[in-house]
1. Can you give the translational diffusion coefficient of segment C:188-246 in µm²/s, computed by Stokes-Einstein from the Kirkwood radius over Cα pairs at 4 °C and 1.567 mPa s?
2. So if I take the centroid of the Cα atoms in segment A:206-225 and the same for segment B:247-285, what is the distance between those two points in Å?
3. Quick one: of B:K77/B:K117; C:K299/C:K327; A:K317/B:K317; A:K123/A:K317; A:K77/A:K299, which pairs are farther than 30 Å apart, Cα to Cα?
4. At 7 Å along the Cα-to-beta-carbon direction for both A:L90 and A:S169, put a label point, then send me their distance in nm to one decimal.
5. Assuming a viscosity of 1.002 mPa s and a temperature of 20 °C, what translational diffusion coefficient in µm² per second does Stokes-Einstein assign to segment B:48-88, Rh being the Kirkwood radius over Cα pairs?
6. So what does log10 I(q)/I(0) come out to for segment B:214-351 at q = 0.11, 0.22 Å⁻¹, using the Debye formula with one equal point on every Cα and no solvent?
7. Rule-of-thumb check for the protein assembly as shown: C-alpha Rg over 2.2 N^0.38 Å?
8. Run the label-point distances for A:E137 please: 7 Å along Cα to Cβ, every other copy, nanometres, shortest first.
Amino acid sequence: MSNKSKTSTGNFFEDFRVGQEIRHATPRTLTEADSALNIALTGSRYALFSADSFAQNCGLPGAPIDPLLVFHTVFGKTVPDISLNAVANLGYADGRFLTPVYPGDTLRAVSEVIGVKENSNGKTGVVWVRTTGYNQENREVLTYVRWVMVNKKDTSKPAPATVVPELPSAVKTSSLPRPAFSSSGYEFVLAGSPFGFEDYEIGEKIDHVDAFTVEEAEHQIATRLYQNTAKVHFNQHEQASSRFGRRLIYGGVAISLARSLAFNGLGNAAEIIAINAGSHVNPLFAGDTVFAWSEVLDKHDLRDGMGALRLRLVATKNRPCTDFPYKDGEGKHLSDVILDFDYWAAIPSRS
Amino acid sequence: MSNKSKTSTGNFFEDFRVGQEIRHATPRTLTEADSALNIALTGSRYALFSADSFAQNCGLPGAPIDPLLVFHTVFGKTVPDISLNAVANLGYADGRFLTPVYPGDTLRAVSEVIGVKENSNGKTGVVWVRTTGYNQENREVLTYVRWVMVNKKDTSKPAPATVVPELPSAVKTSSLPRPAFSSSGYEFVLAGSPFGFEDYEIGEKIDHVDAFTVEEAEHQIATRLYQNTAKVHFNQHEQASSRFGRRLIYGGVAISLARSLAFNGLGNAAEIIAINAGSHVNPLFAGDTVFAWSEVLDKHDLRDGMGALRLRLVATKNRPCTDFPYKDGEGKHLSDVILDFDYWAAIPSRS
Amino acid sequence: MSNKSKTSTGNFFEDFRVGQEIRHATPRTLTEADSALNIALTGSRYALFSADSFAQNCGLPGAPIDPLLVFHTVFGKTVPDISLNAVANLGYADGRFLTPVYPGDTLRAVSEVIGVKENSNGKTGVVWVRTTGYNQENREVLTYVRWVMVNKKDTSKPAPATVVPELPSAVKTSSLPRPAFSSSGYEFVLAGSPFGFEDYEIGEKIDHVDAFTVEEAEHQIATRLYQNTAKVHFNQHEQASSRFGRRLIYGGVAISLARSLAFNGLGNAAEIIAINAGSHVNPLFAGDTVFAWSEVLDKHDLRDGMGALRLRLVATKNRPCTDFPYKDGEGKHLSDVILDFDYWAAIPSRS
């Protein structure tokens, strides 16, 4: 038995078949420590994930784990199997947070291959997977689709039959998960914003003003916390000869930093309940400063004093967002835009 | 409703009125994770906050949260309301730690404006606030006064009536809180220092010998852990055009690093019970190396085998403290002194 | 009483006597936070230390603390007494993990001096200590021998009688501690590797492929987490005038990073049960990228579906390990090899 066989080199495009189920490695118990590290690494200030007593007043047993941390954890598990040889992470769709996660819960992840399409160059292909995270009671906590461009290892292998899954452009309001928290005991003053569901208008744009400069140590610590092993984030020896010459920051770090900045303007929209779409449109590097702005794309009344905002979260690097930078005249993202993220968040009504 | 109204830009000098009460946002449950991060980020080695069994032998249910971490947490909550537009953090006074904080406790903060004084330039003013931290049972855990110089937004606004609060130059010995721990089961060997209350003399100076070089990632992670949002610590894009051209390190990071260094010489003076005064006299930047020395300013017998030392903690950057660097001939702090901090710490007697 | 007497300057060669017992300071309660930080700082993905449910299926009450984290914690306590004035950390021997450590356990450390030998230059000497870590129930959790070269303070002091302890070149199979976990409920798919005890052959070499670039903030945070105070890791002001001009990374950080990389190829060999030998053969600095490879040196059947692999773990800096870089023709470690570590790990059998 040679050493080659012991080391995993990840899957290549030709290794994926539609219908294939992949059970990912390294289950992970999330604890209070992950919540504290989430605050320390992203600067999150949403009261719901910061304070047990605040969450208890909203009918929860204690502060749940931030859904984005759940997302990064589940995502991280899929990397060795899905995207170790990925050229690009192309998109997300139909993400829904189905069960709140609390300190002590253990997450594992399973992916099903739902689409494959070889590119015309014959060297790469696109793979679609639906990934589902489960807790220790085998309840689904999160499900989402992502698609990645993956290298072929053996370009002589024939192209598989193309299967492109139909995906919703956004999670339908009828499919929106109910948020974990109840609005009845919600304390707006402690949450840090007086604005409720009724105060936001479709089309409204919010500049989140604040900014975070990211260091190598910060994104590496965060990405390891998520047990995400993609080499581009960690191996400067190899990255030095890459196109960028540098380590790339995991896109999830950008999402979390931008959502943390979004506190200033969306302080009560703490709980993400669905992910509609997301693209990492330009790379983020250590030393860059992340700014963010949001646009209200849609609203949906969840009743019982609760609503949902569909939000576009745009993050930039080294560019303040007072003028809401987004796309150029040809519909292409500006070069200093790094993230275009579309999600639903729950928000209580004031009344 | 415009986007401007959703984003908080903090209070300006003219927004503060004497008597005003401000309930700060984002309550925070401190956990074992915060204690571990406190050790990892500051290098603290005080046994009382490091080991449950040690604390239990001193009559506590387990290791409490380091009072300085309590202070930074409470302080952090006040930043968005008090000092987002601050030019300078001028001082602290009359700080008292009233109830020990344990993992699982949730802290919130309330400030009362107790003084305002517009500066003669008409562009800035000094605001005094008394901040009190409460736990989830609404017990006061910490109270202190700080004063900051804050920008006016509208310089045409008339100056308010000047109110300057009377503040003690030091917490009186009769007002000193009782430390949480009892000296009866205290183990000097495990604490790492043989010196008790009776071994320290007023006027004695101690060079703490060791040093820490601070990195950007370290102070940013720490300051985010405290949910302190002051932009000067995080936004290099903006700081590049500031007077210093760099991010400023939160003064609380300097206090905690210096107190951690003070372990070597004050190993049994773990528990800070009161803060008399404190000034951040020169800025600290990433890449600087922090040294520290202490002077015993006063002693007070707390009885039952316990005493209190009033200590001046001086921290420097890039300068060892063998010669106790402090002030020049004109009473001005030397340029490599960064911190002048005056506090009371409890310390057990040997006998 | 002068200030000198309050500050510890550590022990010098002439301070050590064979038979001397040193009880080290600062007991430490390890918690879930330390496990999370271990993952965040080292990138560990071994399921046994990551997931309570996985560990429970293996008969444990929950995920234990990674033995290497136990080692670093116990080691860290010894630094102020043993190696503050050390010139070099020369080696480890006869390390055995005797009791698993769980979140909530408190560790303390005691060392016995078991050998001294002055060097012929009269300026330094070698000190051998056996260090034992205890939990809060005074059960031994870890014992190991290390030896260090320490400066003499007073070179006029006569040399002590030379005592060189006899040490095993490796922990004997008859002395191997039983691993904590049982193989009966072990889930290979969740652990991320299909290979069991029977799949590894003596002489087999494994390139672990992946790599981590280390930042100053990362190694400093890790080394402070272990409450290891050695100045060379933290004080750039002083290191600037040292031979290297830079801070040295604590060798334990290199061990943990290499073991984390070893997951890719040794995913089921999670639990280290013994340390045979270890040398930090070249210094590691921030900015270096760590690679690793392993060689199976020996195998031992532990029965009941469990075996032990004796493994050589070699780490390099800035050099991939496809060709298993190790020593030159004269038996000297190559200049880009940083670690030569010899240990026993438990691994379940597939059948």
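No lab work stands behind these numbers, since they all come straight from the coordinates. Quick caveat, the model's predicted, so the values are computed rather than measured. Reconstructed Cβ throughout: ideal geometry from the backbone, glycine too, with neighbour counts over all protein chains shown.
1. D, rounded to a whole number, is 83 µm²/s.
2. First find each Cα centre; the distance between them is then 26 Å.
3. Over 30 Å Cα-Cα: A:K317/B:K317; A:K123/A:K317; A:K77/A:K299.
4. 1.8
5. Numbers: Rh = 12.1 Å.
Estimated via Stokes-Einstein, D reaches 178 µm²/s.
6. Log10 of I(q)/I(0), two decimals: -0.45, -1.32.
7. 0.93
8. 3.1, 3.1
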